[in-house]
1. Please give the length that would be gained between residue A:170 and residue A:68 if that part of the chain were fully extended, namely 0.36 nm times their separation in residues minus their C-alpha to C-alpha distance (nm, one decimal).
2. What's log10 of I(q)/I(0) for the stretch B:1-145 at q = 0.09, 0.22 Å⁻¹, Debye sum over Cα points only, no solvent?
3. Counting only residues 5 or more places away or on other chains, whose amide H sits under 5 Å from the amide H of residue B:64 once H atoms are built in the peptide plane?
4. Enumerate by residue number the GluC sites (Glu not before Pro) in the stretch A:156-246 meeting two conditions: DSSP loop (anything except H, G, I, E, B), and at most 16 other Cβ atoms within 10 Å of the site's Cβ.
5. Please work out the C-alpha center-to-center distance from the stretch B:356-399 to the stretch A:126-146 and express it in whole Å.
6. Could you pull out which residues in the stretch B:264-306 have an amide N less than 13 Å from a spot 7 Å beyond the Cα of residue B:208, following the Cα-Cβ vector?
7. Using only the alpha carbons, work out the radius of gyration and Dmax of the protein assembly as shown in angstrom.
8. For a 29 Å ceiling on Cα separation, which of these pairs sit above it: B:121/B:435; B:350/B:435; B:121/B:375; B:375/B:435?
Amino acid sequence: MRNILIIGATSAIAEATARRFAAGGARFHLVGRHAERLAAIARDLEIRSGQPVTQESIDLDQLDQHPALLERADQALGGIDIALIAHGALPDQNACQQSVTATLAAIHTNALSVISLATLLANMFERRGRGTLIAIGSVAGDRGRQSNYVYGAAKGMISLFLQGLRNRLSRKGVQVLTVKPGFVDTPMTAAFEKKGLLWAQPDRIAQGIVAAVERGRDEVYLPWFWRWIMLIILHIPERLFKRLNL
Amino acid sequence: MSTTAPASWGRYPSSQPRCLLPCRDAQMPTLPAEPQFCLPFGNGRSYGDVCLNNGGTLLLARGLDRFIAFDPATGILRAEAGVLLSEILALIVPQGWFLSVTPGTQMITLGGAIANDVHGKNHHWAGSFGCHVRAFELRRSTGERLLCTPAQNADWFRATVGGLGLTGLITWVEIQLQRIANPWIVAENRRFASLDEFLALNAEYEARYPYTVSWIDCAARGRVLGRGIYMAGMHAPPGLMKSPPPERRALTVPFAPPVSLVNNLSVRWFNRLYYHLPRPARGLTPYQPFFYPLDNLLEWNRLYGRRGFFQYQCVIPPAAAREALREILARIAASGQGSMLAVLKRFGDKTSGGLLSFPRPGFTLALDFPNLGQKTLDLLGSLDEVTRQAGGAVYPAKDARMSGDSFRRYFPQWAEFSRYIDPRFSSSFWRRVMKN
């Protein structure tokens, strides 16, 4: 049985992933903002896993709270085996363009707080010589587009940061996994018209995450076809790309 | 949690809701402004239009999918109303429990099971799903929050069980499960050559087996009218089987062909083959193929083509059953419109008390019909004549076409029921049967 810390546990992808882990035997400590929803998820996971679940509700934007937060999580679990960092918020791109405050707030939530947590967890895992660190990036982080480059920049920062961590920890027995989901049908994307083949259900992403952990993967696009879509998108020359309506 | 426009299982009628409202926490979401009507939508497995709300709002209840409590000592389970029966089985079967009543698919929500007061192969022993509901919470658009049990708010309980989702949003449900020793079923199969033979077999098997159902060859006519295969089962006793059942692999029907693959010719040949196919008289089978033979063929409703299909399920009181069933089967065989999926079983005397519950003492026959337009509607209308005359009823969860007049005859408590409808709730079905 593995001890799993989930940060941003009320996100749809995190909840689906936790259920997949629960089926294989796991103990959870959940961290999130929405206390009532967190309690409902904890109760659900207790029944699915047959193990007690602990939880803490906190605003993850308060970076100075992070060390104590992780300390408590580690104690509650008796040692973290897997940490999934899944919190995030999709900012309104137009609002960000008009407001530096909104832009920096989005970067703070989606990138800086993740980097803070990842740094602390990486050091913990490095000391112990084992552990799995997972963070949810996005295909939006692979190339800047006018429709969501603030969110994209934050996700891109995570991706680059984890790449470095992975390089640093590769010989220390620590797995660092970057997950890059495409379009996922979740409450975060509720404003979008969700039709067509590109939209995936959270459980499909969850399945991919669990498989990537078992196989010791470094970076996964989910569902798999996004890897090829992004390969093409990354190879469009900037001279042309800048004129596209994306 | 899909937010594409939901359809019902029969793919008929088509419907365009104006707004889709995903539910995430066990409470009433903020409803859109009046005068739009709302309706909870579970997993879209009812066949006709009870789960549709053309031009209105659908509250997507599948998002309410968390377990709340499970006591493996008593078999009492509480979960949010959008949890699927398949998710419940995955949790409880390894712990030695089973649903007290299950319909022929496990892909339905708890809320849907209550709203249609679904039944299964053990109705003659256990009654309908509602008989095993200990409690649920009903949230109303008025802000009321009602805890309903057979004793507390009992009138709301009786209105909501079988209430087609119209009384409010069911947020969570508590049910009583039944003990099993293992996931296996002892099953018995017997061929019968006529309706009379079925009736004789049924009396004999019902006394011994909790689960009974018969497949009927609805293309057979004349001397062999009503021939079919009797299937009976019981949960295997302890010690009979230790190993877990093998994993089943699902196939998907990839798309709906322009015309139905189920037609007169394919049905006649399939039924003839299926009837004569040698099968073991008695054996052990995992519970999935016994209860859910079609859950392995995902999206099987597409086989009926783009125009969709109808299901006709009626119940006929015992005294009139023999004659009425003969007449119904004769009319179907003469029309050449039936399908492979035709089943017959007897409902027992136990009822949940739901005001609009369909199960009542008698014999129930269920058949699919590819949608061939007016020709099919005429046939089903003529079956309604027989059902009405015999004092029977047609199942709303399977219906897309019965007249308002027929509905009110089948469900005489409709007027009492309508007092409990949430002022902001309605459905395509309800608007249809309140007309004419």
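Every number in this text was worked out from the coordinates using simple rules, so none of it is lab data. Keep in mind that what you see is a predicted model, and the values were worked out from it rather than measured. Using ideal geometry, Cβ is built from the backbone for each residue, glycine included, and neighbour counts are taken over all protein chains shown.
1. 34.1 nm
2. -0.29, -1.47
3. Counting only residues 5 or more places away or on other chains, the set is B:82.
4. Those that pass, being in a loop and sparsely packed, are A:193.
5. For the stretch B:356-399 versus the stretch A:126-146, the Cα centre distance is 57 Å.
6. So the set is B:281-283.
7. Computed over the Cα atoms of the protein assembly as shown, radius of gyration and Dmax are 27.5, 85 Å.
8. Going by Cα-Cα distance, B:121/B:435; B:350/B:435; B:121/B:375 fall outside the 29 Å limit.
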